[in-house]
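Down below is the structure, laid out as structure tokens.
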Amino acid sequence: LLALVGAWATLLWAMLRLSMAMPMTFAERRFLLFESWGATRGHALRLFGMLLLMGLTVFCFQLVLMMIAAVVAVLVGSGMVEPLRAARSPADVAAVLWPVAAVVVPLAAVIQAVLTTVVAAPFAGAYRGLKGTPEDQADA
């Protein structure tokens, strides 16, 4: 058990050290995976705190979405039980479910865009903080 916890801690630490690869690659417009290792030296605990807060935010957001989805599924699904039981082919099933898919798919795309922004923005802000301002770089 202790070895497993140690392995997970080591993996988490390595992931934190490489976590700036995406914002660095985007900002510098070239692939920078291992350069992230040096940029995060001494900042793993702060990055872990940021990651923890971001994870809690996403968890709460998804919890609310799941509760809404469960209520909608019960309300919509109760009216679809008999038509789905009567369906004889995949085309019949698709005919019953397409109105739901027409609403859910675009809504899922919007939700995914929001989640991507919520997840990527803290990393971009952390990279900006690690990199410093142009004035700081000019002084160096």
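Just in region 32-140: which chymotrypsin sites (Phe, Trp or Tyr not before Pro) are loop by DSSP and have at most 11 other Cβ atoms within 10 Å? Write down the numbers at each step before the final one.
On the way: sites: F34, W37, F48, F59, F61, F123, Y127; in loops: F34.
Within region 32-140, the qualifying chymotrypsin sites (Phe, Trp or Tyr not before Pro) (loop, at most 11 other Cβ atoms within 10 Å) are F34.
On alpha-carbon atoms, Rg over Rh for region 1-137 using Kirkwood Rh? Before the final figure, lay out each step's value.
Details: Rg = 22.1 Å, Rh = 18.8 Å.
Reported Rg/Rh, Kirkwood definition of Rh: 1.18.
Mean residue ellipticity at 222 nm from the helices of the chain, using -39,500 (n - 2.57) per DSSP H segment of n ≥ 4 over the full residue count, to the nearest 500 deg cm²/dmol? Could the numbers behind the result be given before it?
Working: 7 runs with 118 residues, N = 140.
Here the helix-only value at 222 nm equals -28000 deg cm²/dmol.
By how many nm would the segment from T10 to L115 grow when fully extended, if each residue of separation counts as 0.36 nm and the alpha-carbon distance is taken off?
Taking T10 through L115 to full extension adds about 35.1 nm, to one decimal.
How many nm separate the modelled label positions at R88 and L18, each set 7 Å beyond the Cα in the direction of the Cβ?
It works out to 5.5 nm between the two label points.
Quick check: pseudo-label points 7 Å beyond the Cα along Cα→Cβ at A73 and A44, how many nm apart are they?
3.9
Round to the nearest 0.05 the FRET efficiency obtained for R30 and L97 when R0 = 41 Å and r is the Cβ-Cβ distance.
On the way: r = 45 Å, r/R0 = 1.09.
So the FRET efficiency works out to roughly 0.35.
Report, to the nearest whole %, how much of the accessible area of region 24-77 belongs to carbon and sulfur atoms, 1.4 Å probe, protein only.
Details: 3200 of 4120 Å².
Taking all protein chains in place, region 24-77 shows 78 percent carbon and sulfur surface.
Any idea of the accessible area per residue across the chain, 1.4 Å probe, to the nearest Å²?
Details: 10250 Å² over 140 residues.
Value returned for the chain: 73 Å² of accessible area per residue.
Select from the chain the helices, each a whole stretch of DSSP H, whose alpha-carbon atoms run 27 Å or more along the helix axis and whose Kyte-Doolittle mean is at least 1.6; answer none if there are none.
Helices meeting the criterion: 44-78.
The values are calculated or read from the model by the stated rules, or taken from the named source; none is laboratory data. This one's a predicted model, so the numbers in the text were calculated from it and none came from an experiment. FYI the Cβ positions are ideal-geometry reconstructions off the backbone, even for glycines, and counts take in every protein chain you see. For accessibility, only protein heavy atoms count, side chains too; no ligands or nucleic acids. Shrake-Rupley method; radii C 1.70, N 1.55, O 1.52, S 1.80 Å.
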